[in-house]
1. What pairs can you find where one residue is in the stretch 47-70 and surrounded by fewer than 16 Cβ atoms within 10 Å (Cβ to Cβ), the other is assigned to a helix (DSSP H, G or I) and among the aliphatic types (A, V, I, L, M), and their Cβ atoms are less than 6 Å apart, with a gap of 6+ or different chains?
2. Please find, within the stretch 24-59, the residue that is modelled with the lowest pLDDT out of those that are within 20 Å of the chain's Cα centre (by Cα) and either more than 30 Å from R89 (Cα to Cα) or small (G, A, S) (or both).
3. Taking the options G91, G78, name whichever one is closer than 22 Å to E33 by Cβ, out of contact with any His (no Cβ under 9 Å at 6 or more places or on another chain), surrounded by 10 or more Cβ atoms within 10 Å (Cβ to Cβ) and not β-branched (V, I, T).
4. Please find, within the stretch 94-117, the residue that is nearest to S68 (Cα to Cα) out of those that are out of contact with any strand residue (DSSP E or B) (no Cβ under 9 Å at 6 or more places or on another chain) and surrounded by 10 or more Cβ atoms within 10 Å (Cβ to Cβ).
5. Within the stretch 94-117, can you find the residues that are in a strand (DSSP E or B), among the acidic types (D, E) and over 21 Å from L37 (Cα atoms)?
Amino acid sequence: MTRHAMNTASPVGTAVSRDIEHRRRTSATFRTEYDRLACFEQLARIVVMRRAELGLSQEDLAKRMGSSVSTISRIESGQHATSAMTLKRLGEALEGRAVIGFDFGSAKRPKRELVSL
């Protein structure tokens, strides 16, 4: 690798992050879809991290849930809408429980109502 290439190399994901931010600023359609998927991406990160903590493969997690590896892959891709019952099974398979709720009131002082599945 040349010295120039080493100096211009960026951390993994940086170029992608810049591209995403540019597309969010310039495309209303992209921004809408990106924002729609944001909660599923957050869920994906939680699932991937917890699965890693437990030392489980996608296949192991699928067996624990009674589902397919394809289902786990879709959830972990952050682009899959997941039902409440799937979240319940997922929480149990990850040795926890799913909690769903609502925030009422102002963003600064929300009143939370939560339900453990």
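1. Matching pairs, first to second residue: E59/V69; S68/A62; V69/A62.
2. Taking the candidates together, the pick is R24.
3. G78
4. L94
5. E113
The values are calculated or read from the model by the stated rules, or taken from the named source; none is laboratory data. Because the structure is a prediction, the values reported are computed rather than measured. With ideal geometry, Cβ positions are generated from the backbone for all residues, glycine too; neighbour counts draw on all protein chains shown.
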